[in-house]
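Notes follow the structure.
The values are calculated or read from the model by the stated rules, or taken from the named source; none is laboratory data. Keep in mind that this is a model prediction, so the values were computed, not measured. For neighbour counting, all protein chains shown are included, and Cβ atoms are generated from backbone atoms with ideal geometry for every residue, glycine included. When the accessible area is computed, the model is the full protein with side chains, heavy atoms only, and any ligands, DNA or RNA have been set aside. Shrake-Rupley method; radii C 1.70, N 1.55, O 1.52, S 1.80 Å.
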Amino acid sequence: MKPCPVLAVLVASVATTGAALAQPAAGFYKDKTVVVVSPSDAGGSIYQYALTVSNHLGRHIPGNPTTIVQARPGGGGVTAANYVSRVGPKDGTVVAELHPQSLLAPITGKGANYDPRTFNWLGSVAVRTYVGAVWHTVNVKSLEDMKDREYVFGGSGVASASYQYPTFLAHLTGARIRVIPGYKSGGETNLAMERGEVQGRGNYYEGFLTTNPDWIRDKKVKFIFKLGPDHPDLSGVPAGNRYAKTPKEKQMLQVLEAPLGIGQAFYVAKEVPNERVEALREAFRKMLADPQFIADAEKIKLYVNPTGPAEIADAVSKVYQTPKDLLAELDALLRPR
């Protein structure tokens, strides 16, 4: 993990406002357990972010509550977000990681009973690059090479990035990619690739670096497209925006790429009292600047590239201003057939 200059800013921003909030929050959180909800099961990098946050956040929350991680996989993150918004405790004892693609589920999919515009954001640990990968035995180098026959990818829910990105880019290019949804975690999908059950998958590049660095080192996977913020390792990989030719296609791709701008973001429900929200935000900032957290992330090669709650809220607001007719057309394109 490369040193991030943002962390120095985060250290400086941990200021005296926290002292005023600490007293009432400390009284509430003392002897409590805070659950950090992962929208994915163990085995993938999304779960690893939630686990790492659960290992370090608690000692920065006033009252020093116990923190544990809890996986609620399903629906590309929709299951976890529905839980937090509908039936989960609203007192500040549940902190959740948003599966980036579930940001769009309320406007491009079905079954999402939440509104990300109402979430109280704590911050994001990392914004990351998304890639399409195929196993090294698959004889293709790009999406243009995948028009001759069907290629099977693995994914989670139909609202997930692992389903929507390959499906949309296949629409733009004519690549014959069929995504099989239903895998509960990136780890499950990786095993399916190794077994030959599927030939490829979408994933965060930094996720491969965290969970399967040998795949990169030994060239066990080939990357056929990239989306979102670039990564220096991927200079030769085609960017997805090269395939969007019309203004409508470009706007659709901008909508789909919006979750990559918020990354591995954490939040609490809208009903959580304001003083607890502010205490949790301060704890999150302190955690990101904590040498123990940084050392732990470096040890497991967990990419850290943070952004703050205001930037996340702004990105969410902008994507939800997309015209409804364009969203309806995008939804139709992504709907399983």
Exercise. How big is D for the stretch 26-151, in µm² s⁻¹ as a whole number, if Stokes-Einstein is applied with the Kirkwood radius of its Cα pairs at 20 °C and 1.002 mPa s?
Worked result: 129 µm²/s
Exercise. Taking square-rooted eigenvalues a ≥ b ≥ c of the alpha carbon gyration tensor, is the stretch 215-306 rounded, prolate or oblate, where a/c under 1.5 means rounded and, failing that, a/b exceeding b/c means prolate?
Worked result: oblate
Exercise. Rounded to the nearest 20 Debye, what is the dipole magnitude of the chain about its Cα centre when Lys and Arg each give +1 and Asp and Glu each give -1 at the C-beta?
Worked result: 460 debye
Seminar exercise, completed: The answer for trypsin sites (Lys or Arg not before Pro) in the stretch 47-145 that fall in a DSSP coil and have at most 13 neighbouring Cβ atoms within 10 Å is LYS110
Seminar exercise, completed: Cα-based Rg and Dmax for the stretch 271-337, in Å, come out at 18.3, 49
Exercise. Hey, any idea what % of the chain's accessible area is carbon plus sulfur with a 1.4 Å probe?
Worked result: 51 percent
Exercise. Which residue, chosen from THR246, GLN164, PRO116, occupies the Cα position most advanced towards the positive end of the dipole of the chain, where the dipole is computed from +1 (Lys, Arg) and -1 (Asp, Glu) charges on Cβ about the Cα centre?
Worked result: THR246
Exercise. What does the accessible area per residue of the stretch 236-326 come to in Å², with a 1.4 Å probe and no ligands, DNA or RNA counted?
Worked result: 45 Å²
Problem set entry | Under 13 Å, Cβ to Cβ, from ALA159 - net charge with Lys/Arg +1 and Asp/Glu -1 | +1
Exercise. So how strong a dipole does the stretch 32-100 carry about its Cα centre when Lys and Arg Cβ are +1 and Asp and Glu Cβ are -1, to the nearest 20 debye?
Worked result: 160 debye
Problem set entry | Translational diffusion coefficient (Stokes-Einstein; Kirkwood radius from C-alpha pairs) of the stretch 172-260 at 25 °C, 0.890 mPa s, in µm²/s | 167 µm²/s
Exercise. What residue among ILE312, LEU288, VAL277 has its Cα farthest toward the positive end of the dipole of the stretch 271-313, where the charges are +1 on Lys, Arg and -1 on Asp, Glu, each on the Cβ?
Worked result: LEU288
Exercise. In square angstrom, rounded to the nearest 10, how much accessible surface does LYS184 have for a 1.4 Å probe?
Worked result: 120 Å²
Exercise. Within the stretch 205-312, which GluC sites (Glu not before Pro) sit in a loop by DSSP and count at most 14 neighbouring Cβ atoms inside 10 Å?
Worked result: GLU271
For this session: Report the charge-dipole magnitude of the stretch 27-159 in Debye, nearest 20, computed about the Cα centre from +1 at each Lys and Arg Cβ and -1 at each Asp and Glu Cβ.
Result: 320 debye
For this session: Work out the charge dipole of the chain with +1 on the Cβ of Lys and Arg and -1 on the Cβ of Asp and Glu about the Cα centre, then indicate which of ILE262, SER40, VAL198 is farthest towards its positive end.
Result: VAL198
Problem set entry | Directionally averaged shadow of the chain, computed from the convex hull of its alpha-carbon atoms, nm² | 16.0 nm²
Seminar exercise, completed: Computed over the stretch 141-190, the distribution of all Cα-Cα distances in 10 Å bins, rounded to whole %, is 28, 51, 20
Seminar exercise, completed: For the chain, percent of DSSP beta bridges that are antiparallel (nearest 5) comes out at 50 percent
